[in-house]
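Have a look at the structure below before the remarks.
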Amino acid sequence: DIEKNQSYKDLMKLVDKTKQIGVRANAETPADAAVASKFGAEGIGLFRTEHMFYGEGSEEPLFLLRKMIVSKTEKERREALNALFVYVKKDVKDTLAVMNGHPVTIRLLDPPLHEFVPHDTEKLQELSKELGIRMSVLKRRVLALHENNPMLGHRGVRLGISYPEITEMQIRAIFEATVELIRKGKKALPEIMIPVVCGKHELRHQKDIVEQVYKETCEKMKVKKIPYLYGTMIEIPRAALKANSLAMEADFFSFGTNDLTQMSFGFSRDDIGGFLPKYLDLKLLPYDPFQTIDQSGVGELIKIGVERGRVTKPNLKIGICGEHGGDPDSVVFCHKIGMNYVSCSPFRVPIARLAAAHAALEFPRK
Ligand code: PEP
Ligand code: MG
């Protein structure tokens, strides 16, 4: 309960007056957002929507998503999507409500598609019964989703392009949730973020859907405007290099340094128990690049991304939402290169605020 301690409160007041970069938090649930807010987060820099398909309470949404992926008919897929919409809208609405007008960056569905379907025979049999699909047919459909390198495969925006109806459902949920809150006199500011983008055509493809759903929601709900921003993650090296053209289609960038590090070094971010810890112990690198931004490599890509993005749009809003957003040295780096905010896990928010204040004292921005 440190946030109730008066000395802490006084210190953090000073810290917030001093820092020149915003501090947001990553959240997976409305409850996370509430914790983040308590720790002084000025917004949610990454709301990972896929959490609803994992862990407690995920059975029904996961079943619906599976139904949507492997069902036989358009009608069944549509039914699944409509039911899923209710879950997504509630989740988004609760999070926007907790943040009370502070920006919430809602990232569209990201994880590899094959992660959603069961692979063991027993679970497949259950699904085959539930959906009325013959086992042999279901197995063929699941097999067709298999990938050898799922993290380099059918995820992020690629999913939204193969299944535009999934993007459409999420966008409709975001807009309707926003209007409903505003109608109740509350504030809501969603930022729609597209993951795993490597070129402007992908961003444009999804933006067409966003603009279409925006029009339809305004008509349906009889409103003239709905506040929102549209932006992209920069988490593939090519995206950093193509930042000038991506900025044409984006109101903001957020650097996903977890994937950017993985893809720049070619180190797997998921196999942390394997050779990597021992390899890092050899100190061929001065630090763990998944914890602290590798300033001479990944950092160069980030700098290029910031500079090129702002050549196209001088006021482009830029943040970071990888794990590095809560690492003090990385926060200083983000401050120095002109980012607008960092976003980290809720419990790291106070540390990030302190680091941001240190950065402002040591390297004041004009
Ligand atoms: C990232 O890649 O840095 C990121 C924030 O996204 P995720 O960790 O969900 O892939
Ligand atoms: Mg990522």
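The values are calculated or read from the model by the stated rules, or taken from the named source; none is laboratory data. It should be emphasised that the depicted structure is a prediction, and the values quoted were computed from it without experimental measurement. Methodologically, a virtual Cβ is constructed for each residue, glycine included, from the backbone with ideal geometry; neighbour enumeration extends over all protein chains shown.
Worth a mention:
- Number of the exception - Ser343 against (1) within 16 Å of ligand 2 (Cβ to nearest atom); (2) out of contact with any helix residue (DSSP H, G or I) (no Cβ under 8 Å at 6 or more places or on another chain): (2)
- If you go through segment 244-261 and keep only what is of a type in the set (A, V, I, L, M) and more than 9 Å from ligand 2 (Cβ to nearest atom), you end up with Leu246, Ala247, Met248, Ala250.
- Within the span defined as segment 10-28, one or more residues are assigned to a loop (DSSP other than H, G, I, E, B), over 30 Å from Ala80 (Cα atoms), in contact with a Cys (Cβ under 8 Å, 6 or more places away or on another chain) and in contact (Cβ under 8 Å) with a residue 24 or more places away in the chain.
- Among residues of segment 76-90 that are under 14 Å from Leu131 (Cβ atoms), those with a Cβ under 8 angstrom from a residue that is surrounded by 15 or more Cβ atoms within 10 Å (Cβ to Cβ) and of a type in the set (Gly, Ala, Ser), sequence gap 6+ or separate chain, pair up as Arg77/Ser71; Ala80/Ser71.
- Exclusive hit being surrounded by 18 or more Cβ atoms within 10 Å (Cβ to Cβ), modelled with pLDDT of 95 or more, within 17 Å of Val157 (Cβ to Cβ) and among the charged types (D, E, K, R), set Glu202, Glu211: Glu202
- Single match in Ile234, Ile174, Ile272, Ile209 (criterion: within 30 Å of Ala80 (Cβ to Cβ) and either within 16 Å of ligand 1 (Cβ to nearest atom) or touching a strand residue (DSSP E or B) at 6+ places or on another chain (Cβ under 9 Å) (or both)): Ile174
- Some residue of segment 42-57 being over 29 Å from Ile226 (Cβ atoms) and among the small types (Gly, Ala, Ser): yes
- Scanning segment 229-238 for residues that are closer than 23 Å to Pro103 by Cβ and crowded, with 19+ Cβ neighbours inside 10 Å turns up Tyr230, Gly231, Thr232, Met233, Ile234, Glu235.
- Of all the residues in segment 192-239, those that are within 16 Å of ligand 2 (Cβ to nearest atom) and either free of Cβ contacts under 8 Å to residues at least 60 places away in the same chain or of a type in the set (Asp, Glu) (or both) number 8.
- Note on segment 113-165: residues that are surrounded by fewer than 17 Cβ atoms within 10 Å (Cβ to Cβ) and either basic (Lys, Arg) or in contact with a strand residue (DSSP E or B) (Cβ under 7 Å, 6 or more places away or on another chain) (or both) total 6.
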